[in-house]
Amino acid sequence: MALVRLKNITKHYADKQAVIHGVDLDIADGELVVLVGPSGCGKSTLLRMIAGLEDISGGELHIGTRLANDVPPAQRGLAMVFQSYALYPHMSVFENMAFALRLAGQKPAAVESAVARAAAILQIGHLLQRKPKELSGGQRQRVAIGRAIVRKPEVFLFDEPLSNLDASLRVQMRVEISRLHRELKTTMIYVTHDQVEAMTLGQRIVVINAGRVEQVGTPHALYKQPGNLFVAGFLGAPKMNFMEGEVAAVGPQTVAVRLAGGALVEAAADGAKARAGDKVTLGVRAEHLSLQAGAGANLVAAEVGHIEYLGDQTIVYALPSGGGPMIALRLAQDSAAPAAGSRIGLHVPAQHCHVFDAAGLAFQRTIARPL
């Protein structure tokens, strides 16, 4: 195992266009860290810089105790699993997994032992004599992972390895990769654009946007305490609801926000830097909203526009009075959904509100009793 440390890592191409902007990140021995962000945000470029497949324009990359900026890829102690399986079609599973070891001059007994061990871990021992064309997508991906395991790397790098699989296989492979990490206890860096993969796999998540790290933390911390609008909107399905407004009043541990439709919502947030009249964005997740008739505190009037029945839950999308994006409300399985076109009241609980300033940064949340 090895720690991986990035210090002010930057990347720009010949036209001087910067794509990675001063990334600082420490990944501990044996940790599974997920780099997540939208397509084109720079997460795969960052992974390729760690692997040595892209030059580092500035900063320092440390793998273990050594500076690795100029270390050739083959000498970095890494193994990479790509989105494409990249298996040799004319070779059996055994030969695909053994190829790198034979190329390195290892003895046949050592090669057989390493492949057998990896096959046992991945539960593909019965497939060793098959050709890639005889395997399913999930089995091919296991072979690609096994080819990395046999090299006994200090660090595993995964570049969107499940993107080519269907939904059910992705779930299965997430479980397998998580189990693999527990068994091998090896440092792993995993890149994906899928926030579900990030939330279910990562011990820590690094959210990247436009070549910059937006926030680093555990899945629980990032979901419960997003540091800015981007992180709040990126993690979670449906995404967090956002409503524009302005600060109406500030208390010791609360910020009252007047929304565009006139509703007044009091949020449990530290308003030390807020002033009446400041433009803010109020955020609340779908599972924290509830239907409530009549008028009262923290109620937003809306009109039901669309309903999605998902079996174990129902998502109601409603247009708030005063305009703005649709608000998503998650109802439990046995809850009756309102009819499309009907008027509803949405209760916004103070303790689950997030408030973001004009720059998109979150106010620190405080503990308050529900209204």
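Read the figures in this text as sums done on the coordinates, not as results from a lab. The model shown is predicted, which means the values in this text are computed figures rather than measured ones. Ideal geometry is used to build each Cβ from the backbone, glycine not excepted, and the neighbour counts take in all protein chains shown.
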Checking rank on 309-317, 55-63, with mean other Cβ inside 10 Å and highest first, the result is 55-63, 309-317
Per the 1/(1 + (r/R0)^6) rule, R0 = 35 Å and r from the Cβ atoms of SER57 and PHE82, FRET efficiency to 0.05 is 0.90
Note to self, the chain gives a 222 nm [θ] from helices alone (DSSP H runs n ≥ 4, -39500 (n - 2.57) apiece, / all residues, nearest 500) of -7000 deg cm²/dmol
Note on the stretch 276-336: contact order normalised by length, alpha-carbon pairs under 8 Å, 6 or more apart, percent, works out to 31
Given [x] 28, 59, 13; [y] 25, 45, 25, 4; [z] 17, 26, 21, 17, 11, 6, 2, 1, 0 as possible values of P(r) over Cα pairs in 20 Å bins from 0, in percent, the one from the coordinates is [y]
Here the relative contact order (percent) of the stretch 4-231, from C-alpha pairs under 8 Å and at least 6 apart, is 29
Sites removed, the longest contiguous part of the chain containing no DSSP-loop trypsin sites (Lys or Arg not before Pro) with at most 14 other Cβ within 10 Å is 17-184
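May I ask you to list, by number, the DSSP H helices of the chain whose Cα span along the axis is at least 15 Å and whose average Kyte-Doolittle hydropathy reaches -0.5 or more?
Details: long enough: 93-103 (16 Å, 1.04); 108-122 (21 Å, 1.26); 137-149 (18 Å, -0.38); 167-184 (26 Å, -0.29).
Membrane-span-like by this criterion, though nothing is claimed about a membrane: 93-103, 108-122, 137-149, 167-184.
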Within the under-13-Å Cβ sphere about HIS288, not counting HIS288, Lys/Arg +1 and Asp/Glu -1 give a net charge of +3
Between GLU246 and HIS21, Cβ-based FRET efficiency (R0 41 Å, step 0.05) works out to 0.85
Here the FRET efficiency for ALA237 versus LYS131, based on Cβ atoms and R0 = 35 Å and rounded to 0.05, is 0.35
Beyond 26 Å (Cα-Cα) in this structure, taken from LYS43/LYS239; LYS43/LYS279; LYS16/LYS273; LYS16/LYS43; LYS224/LYS273; LYS43/LYS185, we find LYS43/LYS279; LYS16/LYS273
GNM of the chain, Cα pairs under 10 angstrom: of ASP334, ASP15, ASP26, the biggest fluctuation goes to ASP15
Summing +1 per Lys or Arg and -1 per Asp or Glu among the other residues with Cβ less than 15 Å from PHE242's Cβ gives 0
